[in-house]
Amino acid sequence: MKLRILGCSGGIGGGAQTTAMLLDNDILIDAGTGVGNLSVEEMTKIDHVFVTHAHLDHVAFIPFLVDTVGSLRTKPLTVHAIQATLTVLQKHLFNWHLWPDFTKIPDADFPYMRYEALLPGQAVALNGRKIIPLPANHTVPAVGYQLDSGHASLVFTGDTTTHDAFWPIVNKISNLKYLIIESAFCNEKRAIAIRSKHLCPSLLMEELEKLEGEAEILISHLKPGEADITMNEIRQCLARFHPRRLENNQSLEF
């Protein structure tokens, strides 16, 4: 499996794009503004979008994706998410007011898009690849994902804050290679991180102490205006984990 980072920032500007990751050439993990980096041909090949949660920085480009390539495809784009997230998308986004309901275009029998509800912990198998929703703790219902090739696994926390339920599951993953975990704020804004249910370096340090095994730690969701400050704080307090900043156009194989 190969994961291409299309966007991994907590904002936009100066080349920063919000969260979107292309797994092989047919699966998106979230669909933030990074999707706009793809060509039409690349977008046409995407069959599945796995959404962590309903916030705009993670779903904003689903409407543009399906609108652009729906008529070029022979089958619907499948949007996978927990039911609470799908309900938000149906009620507030694909509702004919903010955007057309592409589950009924051209008609309900042959739509450009379809929904599929996920259950936490229940794997979705796609051509030998397993995608497993993991618990997350955010201001709206949310999940992270384990991407398992059989050879190795990558875990993406999505947007989350401290969450004890997450770590026992991760610690049981015997083939864990990569852990992508967020740190949306610097330590000066710890109170904002707590209120908005994100992480900052000091909270991240507390969380990573719960990791029992080894993995390459990659930091996502950095705010563009304070990304360097936040990464410097992370390197200082988490030096033994050798964390790296996740970058646009980076590719991870596992």
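The values are calculated or read from the model by the stated rules, or taken from the named source; none is laboratory data. This structure is a prediction, so every number in the text was calculated from the model and none was measured. No Cβ is skipped: glycine too gets one built from the backbone with ideal geometry, and neighbour counts run over all protein chains shown. Ligands, DNA and RNA are excluded from the accessible area calculation, which covers all protein heavy atoms including side chains. Shrake-Rupley method; radii C 1.70, N 1.55, O 1.52, S 1.80 Å.
With all protein chains present, how much of the accessible area of the chain (probe radius 1.4 Å) comes from carbon and sulfur, to the nearest whole percent? Heavy-atom surface of the chain belonging to carbon and sulfur, 1.4 Å probe: 53 percent. The 1.4 Å probe gives accessible areas that order Met1, Met113, largest first, as Met1, Met113. Sparse packing (at most 12 other Cβ atoms within 10 Å of the Cβ) combined with a DSSP loop state is found for the following GluC sites (Glu not before Pro) in region 181-242: Glu209, Glu212, Glu214.
Given Thr44, Leu118, Ser153, which one lies farthest toward the positive end of the charge dipole of the chain, if we put +1 on the Cβ of every Lys and Arg and -1 on the Cβ of every Asp and Glu? Of the listed residues, the answer is Leu118. Averaged over its residues, region 7-154 has an accessible area of 42 Å² per residue, based on protein heavy atoms and a 1.4 Å probe. Accessible surface for His151 stands near 150 Å², nearest 10, in the context of the full protein assembly shown (1.4 Å probe).
Semi-axes of the equivalent ellipsoid of the chain are 30, 19, 17 Å, computed as sqrt(5λ) over the eigenvalues of the C-alpha gyration tensor in descending order.
Across the cross-link table entries Lys91/Lys189; Lys130/Lys189; Lys104/Lys172; Lys45/Lys197; Lys91/Lys197, which are compared at the Cα atoms, the separations over 30 Å belong to Lys91/Lys189; Lys130/Lys189; Lys104/Lys172; Lys45/Lys197. Applying both filters, DSSP loop and at most 15 other Cβ atoms within 10 Å, to the trypsin sites (Lys or Arg not before Pro) of region 76-147 gives Lys104. In terms of its alpha-carbon gyration tensor, region 157-234 comes out prolate; a/c meets the 1.5 threshold, and the first ratio a/b outweighs b/c.
With the simple spin-label model, which puts each label point 7 Å out from Cα in the Cβ direction, the Ala239 to His97 separation comes to 5.5 nm. Heavy-atom accessible area, probed at 1.4 angstrom with all protein chains present, ranks Val170, Val88 as Val88, Val170, highest first. Solvent-accessible surface (1.4 Å probe) assigned to Cys186 amounts to roughly 10 Å².
For the pair region 184-221 / region 108-180, the C-alpha centres are spaced 19 Å from each other. For region 148-246, the list of trypsin sites (Lys or Arg not before Pro) that fall in a loop by DSSP and count at most 14 other C-beta atoms within 10 angstrom reads Lys172, Lys210. Ranking of Ile132, Ile169, Ile180 by solvent-accessible surface, largest first: Ile169, Ile132, Ile180 (1.4 Å probe, protein heavy atoms only, all chains present).
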